[in-house]
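Below: the structure, in structure tokens.
The values are calculated or read from the model by the stated rules, or taken from the named source; none is laboratory data. Everything quoted here is computed from the prediction, not taken from an experiment. For neighbour counting, all protein chains shown are included, and Cβ atoms are generated from backbone atoms with ideal geometry for every residue, glycine included.
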Amino acid sequence: MSLRINQNISAMSAHRYLTSNDASMSKQIEKLSSGLRINSAADDAAGLVISENLRTQISGLSQASQNTQDGINMIKTTEAALNEIEVQLRNIRDLTVNAANTNGNTQMLVADQAQITQGLASINRIADQTEFAGIKLLGSNNISGKQFQVGANAQQVAQFSLTGVTYDNVALTADMHASALGLTSAKNATATASKAFTGIGATDAVTKESFTVVWTTTGGTVKTANVALNNATGDTLAHAVTAINTALNDVGNIEAIATDSTGDSTAVTKNYLTIRQKAAGDQDAKASVVVLTDKSSTDSTTGFTSSPVTSNGRNASQSIDVSAAGANYDNILNQVDTAMKMVNGLRVNLGAFQKNNMESNLASLSVAKENLSASESAIRDTDMASEMVSFTKSQILMQASQAMLTQANQAPQGILQMLK
């Protein structure tokens, strides 16, 4: 044995092993405490990347499952509303059958018609008010065409659509308004008033324009918009549009827009002011647009013209009225039966979509999430039993290293005996 004082090689070696064992035991304590085999990229860089990608997929699948469940709940909400509409249609049908058997009893016919009118109003109310998280489901904007993100990645979607779909030889729609079901007429579907607006512009000689728009709603409420424009102050067609819409404050039913002479609001050159009545199923003959012009003497532009339009080929005779003289009860029953087919067809398609797309997808997402979680766990999580074995080994080595370091530090003490 070499006896040296300046360099205690044995102590240095024991210290090195002690440091190494301490670092090893620190990592094992970290893994046992966190339950993770990979706590940082230094533990396993490749494993970290793979496990992070798996975690991203798992998180996306969790959100996709929630989206799918939301879609199922949306369909259930629609289904419940459709059931109520079908109840109303059955009542209307029963009342029609009863009216056909009154043999001209006016009081009974009037009573039946009163209930039918309320039933139609209830159908329209359900169509207007049925929504899920602010999304309209049974109106002109409805559940048909709605797209659900049902996967964790792009383009993994499911869409419910009724385009070109029929049921029992009846074309289906998700608009459940009485007019869309063929029970009432659309009446004044798109009453419009238009005016060539060449009088206000940077290069025009005409300096001012004024007019009044009178809007009478279906309930009889009259709203008025007084518009006065002056070229000298830079007023334009856009100012007229804003002024009218602000005054009428009813853009859900009527609005002012800028168009070309054909009524195209997307045209490059728009020099016509068009005031149009919207929502075909919501307006009736009481609704009207009247424009009163008060042009300056130098204004050579034409006045507004109004031309109510009846859409869908329907007219007043198609509305259900069991109390009308000579009412054709067979035709009314056929109308109601057709409407019931449309409701049933929508329910059938919604149910099939829910079962075969949404619920099936929800089950497959659960399996995929489970398997991905198992893979991520195998890469990222600590095998506690194996790690505990390694930890016990490190503990013993630590204790041995400490003991040997003590012995190595005592070895030079023998030199003192030689120096006495």
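Which one of these does VAL87 not meet: (1) hydrophobic (A, V, I, L, M, F, W, C); (2) crowded, with 16+ Cβ neighbours inside 10 Å; (3) without any contact (Cβ under 8 Å) to a residue 40 or more places away in the chain?
It is condition (2) that VAL87 fails.
What pairs can you find where one residue is in region 49-74 and among the basic types (Lys, Arg), the other is in a helix (DSSP H, G or I), and their Cβ atoms are less than 8 Å apart, with a gap of 6+ or different chains?
ARG55/GLU376
Do you know which of the residues in region 1-56 that are basic (Lys, Arg) and assigned to a loop (DSSP other than H, G, I, E, B) is surrounded by the fewest Cβ atoms within 10 Å (Cβ to Cβ)?
First pass over region 1-56, keeping only residues basic (Lys, Arg): 4, 16, 27, 31, 37, 55.
From what's left, assigned to a loop (DSSP other than H, G, I, E, B): 4, 37.
Numbers: ARG4: 10, ARG37: 19.
Among them, the one singled out is ARG4.
Filter region 148-181 for residues that are among the aromatic types (Phe, Trp, Tyr) and not in a loop (DSSP other than H, G, I, E, B); which is nearest to VAL343 (Cα to Cα)?
Going through the qualifying residues, I end up with TYR167.
Check off (1) at pLDDT 90 or above; (2) in a loop (DSSP other than H, G, I, E, B) for VAL251 and give me the number that stays unchecked.
(1)
If we keep just the residues of region 119-130 that are within 19 Å of GLN335 (Cβ to Cβ) and touching a helix residue (DSSP H, G or I) at 6+ places or on another chain (Cβ under 9 Å), which is surrounded by the fewest Cβ atoms within 10 Å (Cβ to Cβ)?
SER122
Would it be correct to say that LEU162 is in contact (Cβ under 8 Å) with a residue 12 or more places away in the chain, within 16 Å of LEU350 (Cα to Cα) and touching a helix residue (DSSP H, G or I) at 6+ places or on another chain (Cβ under 7 Å)? Even if it seems obvious, please write down each step before you answer.
Values: in contact (Cβ under 8 Å) with a residue 12 or more places away in the chain: yes; within 16 Å of LEU350 (Cα to Cα): yes; touching a helix residue (DSSP H, G or I) at 6+ places or on another chain (Cβ under 7 Å): yes.
Yes, satisfied.
Return yes when GLY145 is loosely packed, with under 13 Cβ neighbours inside 10 Å, more than 20 Å from THR338 (Cβ to Cβ) and at pLDDT 90 or above and no when it is not.
Working: loosely packed, with under 13 Cβ neighbours inside 10 Å: yes; more than 20 Å from THR338 (Cβ to Cβ): yes; at pLDDT 90 or above: yes.
For GLY145, the condition - loosely packed, with under 13 Cβ neighbours inside 10 Å, more than 20 Å from THR338 (Cβ to Cβ) and at pLDDT 90 or above - is met.
Going through GLN115, GLN156 one at a time, which residue ends up being surrounded by fewer than 19 Cβ atoms within 10 Å (Cβ to Cβ) and closer than 30 Å to ASN53 by Cβ?
GLN156
For ASN334, only one of the following conditions fails: (1) more than 30 Å from GLN107 (Cα to Cα); (2) modelled with pLDDT of 90 or more; (3) surrounded by fewer than 14 Cβ atoms within 10 Å (Cβ to Cβ). What is its number?
Condition (1) is where ASN334 drops out.
Filtering region 364-420 down to residues that are loosely packed, with under 14 Cβ neighbours inside 10 Å and assigned to a loop (DSSP other than H, G, I, E, B), which residue is modelled with the highest pLDDT?
Once the filter is applied, the top-ranked residue is ASP383.
I need the full set of residues from region 102-133 which are over 38 Å from the mean Cα position of the chain (by Cα) and assigned to a helix (DSSP H, G or I), in order please. Break it down stepwise before answering.
Step one: of region 102-133, the residues over 38 Å from the mean Cα position of the chain (by Cα) are 102-113.
Listed by number, the residues that qualify are THR106, GLN107, MET108, LEU109, VAL110, ALA111, ASP112, GLN113.
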